[in-house]
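Please treat every number below as a calculation from the coordinates, not as lab data. Just so we're clear, the structure is a prediction, and the values are computed from it rather than from any experiment. No Cβ is skipped: glycine too gets one built from the backbone with ideal geometry, and neighbour counts run over all protein chains shown.
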Amino acid sequence: MRRTAVLGAAALALAGCNGGTVDAHALQRDAETVGSLATEGELLADDVSKGASTKVFARVHAKELSQAASNLEDALSERPTSEGIETDVRKLARLAGKVSAELEQLHLHPTDRMVAESLKQPLKDDADAADELSK
């Protein structure tokens, strides 16, 4: 089920990064994607913090999520934006980069319960911040 969620999030990320100008609709869609990636990362961090995930699954899953967030960061940092939303688009790009970095820590430490525990709240906060940008 989680793999399906990741694939769905990756598909959304790719749909949001189709090039061209970022308009309000694309910003909303990309913010929802960043929020989904952060939420999925939070769930994974929760599992790791409880010892409820295998090392291989946590490492691979975290890397997939991190890469999807990194791809969004790159796309949002470079694409032109519609007038009036530039600040929000760049803010979302920075947020995607933060989510990517947090997930990379989980990738690098897939069995460290303390690292995973320390990432749960920041990832939840990132999901909330993305939700605000999607409105």
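Some values worked out for this structure:
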item	result
Tilt relative to the chain, helix 2-16 - C-alpha long axis, 0 to 90 degrees, to 10	20
Mean ellipticity per residue at 222 nm, deg cm²/dmol - from DSSP H runs of n ≥ 4 across the chain, formula -39500 (n - 2.57)	-28000 deg cm²/dmol
Inter-centroid distance (Cα atoms) of the range 73-135 relative to the range 21-51, Å	7
Inter-site label distance for Asp125 and Arg94 at 7 Å from Cα along Cβ, in nm	1.4
Net length gained if the chain between Lys135 and Gln28 were fully extended (0.36 nm per residue, minus Cα distance)	37.8 nm
22 Å tail of the calculated P(r), the chain, as % of Cα pairs	31
Added length on full extension, which subtracts the Cα-Cα distance from 0.36 nm per residue, Glu117 to Phe57	19.9 nm
Residues Leu43 and Glu78, FRET efficiency given R0 of 22 Å [Cβ-Cβ distance, rounded to 0.05]	0.15
